[in-house]
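The structure appears right after this line, and notes come after that.
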Amino acid sequence: MTDHRVSQDFFESKYQADSDPWRFADSPYERNRYAEIVNALSGHRFHRAFEPGCSIGALTELLAPVCDTVLAFDISPTAAARAQARCARFPGVTVRVGSLPADIPDGRFDLIVFSEIGYYFDRTTLVSLVTNLLTRLQPGGTLLAAHWLGSSPDHILSGDDVHECLSKALGPPPAETSQRFEGFRLDVWRRP
Ligand SMILES: C[S@@+](CC[C@H](N)C(=O)[O-])C[C@H]1O[C@@H](n2cnc3c(N)ncnc32)[C@H](O)[C@@H]1O
């Protein structure tokens, strides 16, 4: 039986009840986390980025200026509609309703941003999902992961568990950058 914490209904009901359930748009913690994510991209410009689990598009709109195109999706139709509205001024941003692992888009990316979504999978599914994502990364492409280090009854895995699974699936070589900040960690892998 599907764990209710990973179902579309679970996330959709959060967005039906609250326009921004995690305060992505205005919490100082989230704004700082996003700034560190953009900072970790080291001023590079990307051609085609993929951001699964984009929520209301608060991170998407910060990725848009450093990417020619961003394909963002969320399992919640309400969240995806909000992200679409938030990013409407960026012609390179496409937002859809979509769910990992089933809806990984076709083609290759040079940036995949895996932020605060790994907790919603069990280890086996996560390793398989990320192994698949790696095949969608072009050589030299970047996969950036960032996850909160606290605990929540809504999560299947902790943030550290997620990054441990990612290390297993993506290395060797190990992450190019590994940083721990107050409350979250951030790792960047580059596909050889
Ligand atoms: C905690 S939020 C993170 C949002 C954003 N990535 C960020 O870092 O600000 C997790 C988001 O992932 C979405 N989500 C959860 N499981 C998903 C799945 N299997 N596929 C796509 N989106 C999913 C949820 O609806 C929610 O909007």
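Stick to Cα atoms and the Kirkwood definition of Rh, then tell me Rg/Rh for segment 1-59. Walk me through the intermediate numbers first.
Values: Rg = 14.5 Å, Rh = 13.7 Å.
Looking at segment 1-59, the ratio lands at 1.06.
Between the alpha-carbon centers of segment 79-139 and segment 1-76, tell me the distance in whole angstrom.
Between the Cα centres of segment 79-139 and segment 1-76 lies a distance of 10 Å.
Are there any GluC sites (Glu not before Pro) in segment 91-192 that are in a DSSP loop and have at most 10 other Cβ atoms within 10 Å? List them by number. Kindly include the intermediate steps, with their values, before the conclusion.
Details: sites: Glu116, Glu164, Glu176, Glu182; in loops: Glu116, Glu176, Glu182.
Counting only loop positions with at most 10 other Cβ atoms within 10 Å, the GluC sites (Glu not before Pro) in segment 91-192 are Glu182.
Of all trypsin sites (Lys or Arg not before Pro) in segment 45-132, which ones are in loop regions per DSSP and have a Cβ with at most 10 other Cβ atoms within 10 Å? Could you put the intermediate results ahead of the total?
Values: sites: Arg45, Arg48, Arg82, Arg86, Arg89, Arg96, Arg108, Arg123; in loops: Arg45, Arg89, Arg108.
Hits after loop and neighbour filter: Arg89.
When the scattering of segment 30-101 is computed by the Debye formula from its Cα atoms alone, each counted once and equally, what is log10 I(q)/I(0) at q = 0.18 Å⁻¹?
One equal scatterer on each Cα of segment 30-101 leads to -0.63.
Given only helices, namely DSSP H runs of n ≥ 4 each adding -39500 (n - 2.57), what is the per-residue ellipticity at 222 nm of the chain, to the nearest 500 deg cm²/dmol? Working shown, then result.
On the way: 6 runs with 62 residues, N = 192.
Using -39500 (n - 2.57) per qualifying helix, the result is -9500 deg cm²/dmol.
What share of all Cα pairs of the chain, in percent, falls into each consecutive 5 Å distance bin?
Once binned at 5 Å, the Cα pair distances of the chain give 1, 8, 17, 22, 24, 18, 8, 2, 0.
In which sequence would Thr78, Thr125, Thr135 go, from the one with the fewest C-beta neighbours within 10 Å to the one with the most?
Values: Thr78 18, Thr125 15, Thr135 9.
Listing Thr78, Thr125, Thr135 from fewest to most nearby Cβ atoms yields Thr135, Thr125, Thr78.
Can you give the extra length, in nm with one decimal, that the chain gains between Ala88 and Asp18 once fully stretched, where that is 0.36 nm per residue apart less the Cα-Cα distance?
On the way: separation 70, 0.36 × 70 = 25.20 nm, distance 2.12 nm.
Extra length available between Ala88 and Asp18 comes to 23.1 nm.
In what order do Val66, Val188 fall by count of nearby beta-carbon atoms within 10 Å, going from fewest to most?
Details: Val66 15, Val188 18.
In order of increasing Cβ crowding within 10 Å: Val66, Val188.
Could you please rank Leu170, Leu41, placing first whichever residue has the fewest other Cβ atoms within 10 Å of its Cβ?
Numbers: Leu170 23, Leu41 19.
Least to most surrounded, the residues fall as Leu41, Leu170.
Work out which helices of the chain, taken as complete DSSP H runs, extend at least 15 Å along their axis over the Cα atoms and score a mean Kyte-Doolittle of -0.5 or more, then list them. All intermediate terms of the calculation are to be shown ahead of the outcome.
Details: long enough: 28-40 (18 Å, -1.15); 123-135 (18 Å, 0.92); 159-170 (16 Å, -0.23).
Those that pass (Cα extent of 15 Å or more, hydropathy at least -0.5) are 123-135, 159-170.
Read-outs throughout are calculated quantities, based only on the coordinates presented, and are distinct from any laboratory measurement. The structure displayed is predicted, hence computed values, not measured ones. In this analysis, Cβ positions are derived from the backbone assuming ideal geometry, glycine residues included, and neighbour counts consider all displayed protein chains.
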